[in-house]
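First up is the structure itself, then whatever we jot down about it.
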Amino acid sequence: MNHKGTKRIETKNLILRKFELTDAQAMYRNWASDLEGTKFLTWKPHDSIEVSKNILKGWIDEYKNKNFYQWLIVLKSNGDEPIGSISIVRQDEEIGMVHVGYCIGRKWWNRGVTSEALSALIKFFINEVKANRIESRHDPLNPNSGKVMIKCKMKYEGTMRQADINNQGICDYSMYALLAKDYIEGIN
């Protein structure tokens with residue numbers, strides 16, 4: 001892959017940008033501390049703004065690495081208020097794979113925001129980074145996350161039983177992926 005780092009990406013409605021330490025309060029308030037919003041995630045909800053600040057410090061330090069990808073999601077119509085995040089949580093250089101994870105504040109659920117952000121990342125990773133495979137997964141008890149993947153033309157590849165753990169405990173996960181050749185051939 002030809003890593004580019006966390007570049008600013010703009011879409012019709014969104015700005016995807018690097019986190020700054022000043023985003024900690026909005027991150028904590030809008031999604032990271034929400035027990036319901038993080039119910040199916042693999043990271044624990046933040047119990048204080050200090051947790052958010054410490055995580056941001058680590059991410060900001062990692063931005064120097066070209067293979068580190070962590071974006072803050074801003075809805076253009078919302079000023080510069082952060083509403084969620086989308087990132088690469090795992091990579092495999094040998095097969096050219098990136099695994100995408102995302103979280104958005106409940107206030108912005110079911111508005112197409114996450115689908116728009118994921119679509120932008122798919123385009124970026126296939127066209128610029130030259131990834132071969134973009135994948136993501138979700139707990140089947142959280143079907144709305146899967147709908148985001150389907151809307152972005154990712155293909156369902158199967159469900160692994162009791163193969164993951166999230167804030168609900170041991171869980172199944174459903175895997176979706178999109179290959180660069182399918183994207184380029186226009187299946188997307």
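The values are calculated or read from the model by the stated rules, or taken from the named source; none is laboratory data. Note that this is a predicted model, so its numbers are computed, not measured. Positions of Cβ are backbone-derived with ideal geometry, glycine not excepted, and every protein chain shown enters the neighbour counts. The protein model used for the area step is the full one, side chains on, heavy atoms only, and it has no ligands, DNA or RNA in it. Shrake-Rupley method; radii C 1.70, N 1.55, O 1.52, S 1.80 Å.
Points worth noting:
- Low-density loop cleavage sites - chymotrypsin sites (Phe, Trp or Tyr not before Pro) in region 71-129, where at most 15 other Cβ are within 10 Å (DSSP): Trp109
- Within a straight-line Cα-Cα reach of under 15 Å, Lys39 can be paired with the following aspartates and glutamates, leaving aside sequence neighbours fewer than 8 residues apart in one chain: Asp47, Asp139, Asp164, Asp172.
- Positive dipole terminus of the chain, leading residue within Ala117, Pro140, Tyr63 (C-beta point charges): Ala117
- Accessible surface of region 120-187 [probe 1.4 Å, protein heavy atoms]: carbon and sulfur percent: 52 percent
- What region 60-158 shows is 47 Å² of accessible area per residue, with the surface traced by a 1.4 Å probe over protein heavy atoms.
- The phi torsions of region 129-144, fed into the Karplus equation with coefficients 6.51, -1.76 and 1.60 and a -60° offset, translate into couplings of 7, 6, 5, 8, 9, 10, 10, 7, 9, 8, 5, x, 6, 10, x, 5 Hz, rounded to whole numbers, with Gly and Pro shown as x.
- Cross-link table Lys76/Lys155; Lys66/Lys123; Lys53/Lys147, entries beyond 25 Å C-alpha to C-alpha: Lys76/Lys155; Lys53/Lys147
- Over the chain, Cα pairs under 8 Å with separation of 6+ residues give a relative contact order of 21 percent.
- Per residue accessible area in Å² of region 10-56, where ligands, DNA and RNA are left out and the probe is 1.4 Å: 53 Å²
- Whole-percent carbon and sulfur share, accessible surface of region 31-118, 1.4 Å: 49 percent
- Trypsin sites (Lys or Arg not before Pro) within region 62-136, DSSP loop, no more than 10 other Cβ atoms inside 10 Å: Lys64
- Region 77-188: C-alpha gyration tensor shape, a/c 1.5 cut-off, then a/b vs b/c: oblate
- Among (1) 16.8; (2) 17.4; (3) 17.9, the entry derived from the coordinates for Kirkwood radius over Cα pairs in Å: (1)
- Prolate/oblate/rounded call for region 10-111, Cα gyration tensor, a/c under 1.5 rounded: rounded
- At most 16 other Cβ within 10 Å, DSSP loop - chymotrypsin sites (Phe, Trp or Tyr not before Pro), region 9-44: Trp43
- 5 angstrom amide H check on Leu14, placed H, neighbours 5+ away: Lys76
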